[in-house]
1. Would you point out which residue out of B:PRO58, B:PRO40 is away from chain A (no Cβ under 14 Å) and buried (at least 16 other Cβ atoms within 10 Å of the Cβ)?
2. Does at least one position in segment A:64-82 carry a residue that is among the β-branched types (Val, Ile, Thr), within 29 Å of B:VAL243 (Cα to Cα), assigned to a helix (DSSP H, G or I) and more than 8 Å from every other protein chain (Cβ to nearest Cβ)?
3. What do you reckon, is A:SER46 over 13 Å from the mean Cα position of the chain (by Cα), closer than 23 Å to B:SER314 by Cβ, of a type in the set (Ser, Thr, Tyr) and more than 10 Å from chain B (Cβ to nearest Cβ)?
4. Which residue is nearest to the other protein chains (Cβ to nearest Cβ), if the candidates are limited to segment B:242-260 and must be buried (at least 21 other Cβ atoms within 10 Å of the Cβ) and over 16 Å from B:ASN292 (Cα atoms)?
5. Filter segment A:1-58 for residues that are in a strand (DSSP E or B) and more than 24 Å from B:ARG360 (Cβ to Cβ) and give the result.
6. Out of the residues in segment B:295-309 that are within 14 Å of B:HIS374 (Cα to Cα), under 16 Å from the mean Cα position of the chain (by Cα) and buried (at least 22 other Cβ atoms within 10 Å of the Cβ), which is farthest from the other protein chains (Cβ to nearest Cβ)?
7. Restricting attention to segment A:10-37, report how many residues are surrounded by fewer than 22 Cβ atoms within 10 Å (Cβ to Cβ), facing chain B (nearest Cβ under 10 Å) and either of a type in the set (Gly, Ala, Ser) or touching a residue at least 60 places away in the same chain (Cβ under 8 Å) (or both).
8. For B:ILE355, are the conditions met, namely being assigned to a loop (DSSP other than H, G, I, E, B), closer than 29 Å to B:ILE207 by Cβ, in contact (Cβ under 8 Å) with a residue 60 or more places away in the chain and within 12 Å of chain A (Cβ to nearest Cβ)?
Amino acid sequence: MPDLITIQGDLTSIRSLTDITTLQIIDETGKMLDANNAIVGAFADSTAEAAVQARGLTVTVIKTEAQYDADVQAIYAEISNTPYDFGGNV
Amino acid sequence: MPYPLTSDAIEATIQGLGTTFPSLCKVTPLPNQTNSVGVPPRAYSFLKIGKGASAGRPAMLVVAGLHAREWAPPDSVLTFAGKLLQAYSGGTDFTIPTYTDAGGTAHGPVVTSAAIVKSIIENMDIYLLPLANPDGRAFSMASVANESWRKNRSPLPVPIDPSFIGVDLNRNFDIAWDFDVYYSAAAAAEPNFAAHTKKDPSSDVYIGPTTAFSEKETLNVKWLLDNFPITFFMDLHSWTQIVMYPWAIETLQTTDPSKNFKNPVWDHNRDGVLGNAYQEYFPNGAPQALLNRHTTMVVAIRDTIKDATGANYSVGPSLQLYPCTGTSDDYAFSRQFLSAAAPTMSSFSIEFGDITENFRPSVAQFPKVEREVHAALIVFAGYVGIWKGFVSAVLGSAPKSSNLCFIATAVFGTAEHEDVRFLQHLRDRAKEHHRVRPFMLRFEAVYYRLGPKAAAVLQQHEWMRRMFRKFVLAPFIKLLRSVLDD
């Protein structure tokens, strides 16, 4: 799994990223900051990050691949089969 | 609390709520069991919360977990239900506790009074489908390798390749489902649309084979909308801090009803995000002022979330960044245009969390997302339960616009009166001012408790309304107008 990043910049440039094959824009992640400026989340390797930056977009690493993997492992360790119990507090 | 829960534990929690609060909620199995690869059919349930059965009471439906990997909203819906039922049973406020962000700033608490909780439970019905895709969630939790699974686990006609399993349930609803018919060829091929809605069964955003509602899970949501008098709908997702209203299929306009998804004249000619020759109709005329109602609601939700955690959600139509077809909220909204007898529907979707929390917030991150879901749901339920239910009960008919000016509405006889609209506008402006807003919120907490009772008294006595209008409200409004004119 590549790094988890955000990409910020103008909409047209963000929408042009589909040709970078190692960049995985995460579905349903777009957030308009204003009429022309948006931020999206993606997974990207270093080559893809460089390609995005070359188009004038801002890349911010949210989690490195190692951090992401560690977080995923941690939450999988917490999965619970014990239902919530609201009975005791009434 | 034991977040995140397995699909089995979510169903057990739903059953537990029904057992713990038998007079306030009812658990009912959905009519369609799942149909998934490699596992037996699964029965799962929805929850109805409400006390009483007054005629015409409003109803809202909240759906979560359509996307398998979005783990926080289903748990949050369950804890919302538990907190709400506990608050009502104990006669206490519904309190979203203080949240301290990473910078050390405390937010909240956000307190909803016991009186409003009572109104919610007694004057409306809340239908909750906490987990709409149980087999998808179970698969995504089965191993780290499955963590990003988004679709359901439906077997497709060519099940040889594991990537040919499942449908994106939030592309499978019957609204412009066959996008090649709805759009022009150019609009259907527009990269931003094409990346988010596909007929390729290996895609994460696969719309499904043959037809809309090909999936058991989406059929169950449709069944809820078909069989219960739901007029407020909300679909919960993760993770980008957006509170949205229709449309996702097109940009919207409020003036030309002929430009609508049903009109075959526009088939193969709608331009999506490529232009504005076609824009989907979103009515906003009196008395419903439907677009205004939606924008009022999303702003209220955004503000309440910010009060709870400090998070800056944005608001807008679902098309904000990209168009897509077949979504649940667009479908729920579209139903009102399918027949003249269909009730007015308000419909929303929310993306909770941010990229740090991602699709699967950690145990440490969950309380923040949970607070945001609770904030959205309590203000949403309050809006439905108080405005549509409580006010209907005391005034005898539903007010006709999205305001809570109980007394002024009673005095002037209609929420559409110019002076009522003026007061509503003034109130909304005042709430936007950061110095006045805290005062307004405290004022509203008292007013919403006492205002309906005062309005009920006024409603019974014509002479009292005339006197109040002549000697109190009219001079007050005149004074306000003169001050503002200066």
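The values are calculated or read from the model by the stated rules, or taken from the named source; none is laboratory data. The structure displayed is predicted, hence computed values, not measured ones. For neighbour counting, all protein chains shown are included, and Cβ atoms are generated from backbone atoms with ideal geometry for every residue, glycine included.
1. B:PRO58
2. No, every residue in segment A:64-82 fails to be among the β-branched types (Val, Ile, Thr), within 29 Å of B:VAL243 (Cα to Cα), assigned to a helix (DSSP H, G or I) and more than 8 Å from every other protein chain (Cβ to nearest Cβ).
3. For A:SER46, the condition - over 13 Å from the mean Cα position of the chain (by Cα), closer than 23 Å to B:SER314 by Cβ, of a type in the set (Ser, Thr, Tyr) and more than 10 Å from chain B (Cβ to nearest Cβ) - is not met.
4. Checking each candidate, the answer is B:ILE242.
5. A:GLY9, A:ASP10, A:MET32, A:ASN37, A:THR58, listed by residue number.
6. Among those that are within 14 Å of B:HIS374 (Cα to Cα), under 16 Å from the mean Cα position of the chain (by Cα) and buried (at least 22 other Cβ atoms within 10 Å of the Cβ), it is B:THR304.
7. 1
8. yes
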